[in-house]
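I have placed the structure first, in the form of structure tokens, so that the comments after it can refer back to it.
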There are 2 protein chains.
Amino acid sequence: MTKEAYIIGVDGGGTRCRAQLEDMHGNILGQAESGSANIMTNAEQALRSIISASEEAVYRAGRPISLDQVYLGAGLAGANIPSAVKQFHSLPNPFKAVHVMSDLHSACLGAHNGSPGALVICGTGSAGTAYQNGEFFDRGGYGIAVGDNASGAWLGLEAIKYTLLAFDGVKEKSVLFFSVCAHFNLKTAAELTAQVKGFKGGDYGVLAPVVVDAFDKDCSIATALITKGASYLSTIAASLSDNYRLPLSLVGGLNGIYSPLLTEQVQSLLVAPKSSPQTGVIEYMKRKL
Amino acid sequence: MTKEAYIIGVDGGGTRCRAQLEDMHGNILGQAESGSANIMTNAEQALRSIISASEEAVYRAGRPISLDQVYLGAGLAGANIPSAVKQFHSLPNPFKAVHVMSDLHSACLGAHNGSPGALVICGTGSAGTAYQNGEFFDRGGYGIAVGDNASGAWLGLEAIKYTLLAFDGVKEKSVLFFSVCAHFNLKTAAELTAQVKGFKGGDYGVLAPVVVDAFDKDCSIATALITKGASYLSTIAASLSDNYRLPLSLVGGLNGIYSPLLTEQVQSLLVAPKSSPQTGVIEYMKRKL
């Protein structure tokens, strides 16, 4: 006699991981949350977080289910890096089977309930994908050192670069200049470079609200930056839309700022996400099983 | 009876350090070279390199001079960082007295024989300074993470950013795109991001000749990048020139590329450096003693 099978869908990011347990009929039996699950940063920790959230979801279901009855589908930060996926799969796990995809892909599947559609995320980082004919087509997501245009990290980094140029008289001093100086409590370029030494994406991203605030105050420099970011997002959204035919979800902390600045054609595609990444990856798993 | 005093001028950078020994009458008695002397990267190693080059210069002078008779003046990479200078001064040294300045300042003093003048350097990094009325006025030199516009590292980083955007269809594919792909022997954006992960200034700088080569082939993207770099250099050069009154030296590996692209007014200020940074710092020391 084969024991009944279940599916757990996981949405795992740099700070937390959410798990949703369903039976094969689509009934949600339990949900739970735990710590970070970025497999690029730490594959072992990611697996521990996933197991912990899965055990809690099973416990909340109130049924005698063991994880070896469970198909795990996980949309994880870092799963766009092949070496990270390989490392994750090399770890022993308690599940019946495991399928991993990038958190961008699971978010896109969730947003359109597994139907064809596109998703652009713009938070600390930025990236986009489209799902059509069973395949994903990606844009961006290269990290702040060489990309992530329009993202919070990008706004922060560009604001710092601009501030240093303004200290040198290469650019005019604007509202943004004085706001950045006030944010870091500094008066010289040397103080600024000392403070931002070793900054990574999230550190730069903390400055994004400073840029948005200057934009709200009609600062020409902040407006130029945000307009440039919106133009980038419009371009990748359009290129993912299959000639403006696919619905598009825009998610992440900065989308409220950018949405009204996208081209009219792109705005006409915008739809709110229909369901969560966890649900998206579960629906995808069901069709694969 | 006081023993005779001497001066050693040192020019110390990330890869090597040059020392020049003079008596107080301006006679060059000996010269020598040793390893790296960037006090930001490694103050102890910098001091070892300086002592080693100084001992060799004294040996070549063929006179019984000990380092406690020697005033050391050193223009050193990293000496624009106050904490690095403090760390360097905290180390015990064998000299009669030590004066440290940034290698940018010593290069400027050398270029104009200690007279008022400006200097812009554009190699792996970029920076500028002007010396007038006994004071230095600096521009740039903030490092590739947040600045160093026009530099070799900047050209390389911008070329990589552009190549990723071209992979995504955000920018057109040009000569530069195919040259960058050929340089790294790759076919996908993921292969490129994997190869450049953790790159620092010097790593990006290796790509500068690829950009220059595409520029020579009239690639519109490479031309736009180098034109933007030249515009930055013209702006800081003009701002250092005291209303186009000070002579200006342009030094570093990329200056042959940029010189013909500077504004006519800036080009009219250009002079070849008159002497070396070592000589520059020695002349400066003499006036201070």
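The values are calculated or read from the model by the stated rules, or taken from the named source; none is laboratory data. What you are looking at is a predicted structure, and each value in this text was computed from that prediction instead of being measured. Note: ideal-geometry Cβ built from the backbone for every residue, glycine included; neighbour counts use all protein chains shown.
To keep it simple, each residue is scored yes or no on (1) within 13 Å of chain B (Cβ to nearest Cβ); (2) at pLDDT below 95; (3) over 22 Å from A:LEU233 (Cβ atoms).
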| residue | (1), (2), (3) |
| --- | --- |
| A:ALA111 | no, no, no |
| A:GLY117 | no, no, no |
| A:CYS122 | no, yes, no |
| A:ASN133 | no, yes, yes |
| A:GLY140 | yes, yes, no |
| A:ILE160 | yes, no, no |
| A:PHE177 | no, no, yes |
### Hits in segment A:27-59 - residues which are without any contact (Cβ under 8 Å) to a residue 12 or more places away in the chain and in a loop (DSSP other than H, G, I, E, B)
A:ASN27, A:ASN42
### Task
Please go through segment B:235-289 and pick out each residue that is buried (at least 17 other Cβ atoms within 10 Å of the Cβ) and among the β-branched types (Val, Ile, Thr).
B:THR235, B:ILE236, B:VAL251, B:ILE257, B:VAL266, B:THR279, B:VAL281, B:ILE282
### Task
Return the total of residues in segment A:144-160 being out of contact with any strand residue (DSSP E or B) (no Cβ under 8 Å at 6 or more places or on another chain) and either surrounded by fewer than 18 Cβ atoms within 10 Å (Cβ to Cβ) or of a type in the set (Asp, Glu) (or both).
1
### Task
Select the helices (runs of 4 or more DSSP H) contained entirely in segment A:162-278, then report the ones holding at least 3 residues which are touching a strand residue (DSSP E or B) at 6+ places or on another chain (Cβ under 6 Å) and touching a residue at least 24 places away in the same chain (Cβ under 8 Å).
A:220-240
### Message
Can you tell me how many residues within segment B:145-158 are at negative phi and either in a helix (DSSP H, G or I) or more than 10 Å from chain A (Cβ to nearest Cβ) (or both)?
### Response
8
### Query
Out of all the residues in segment B:63-99, which are within 20 Å of B:ILE282 (Cα to Cα), away from every other protein chain (no Cβ under 14 Å) and assigned to a loop (DSSP other than H, G, I, E, B)?
B:ARG63, B:ILE65, B:SER66, B:ASN93, B:PRO94, B:PHE95, B:LYS96
### Task
Take the residues in segment A:100-109 that are more than 14 Å from every other protein chain (Cβ to nearest Cβ) and closer than 18 Å to A:SER275 by Cβ, then tell me which one is nearest to the chain's Cα centre (by Cα).
A:ASP103
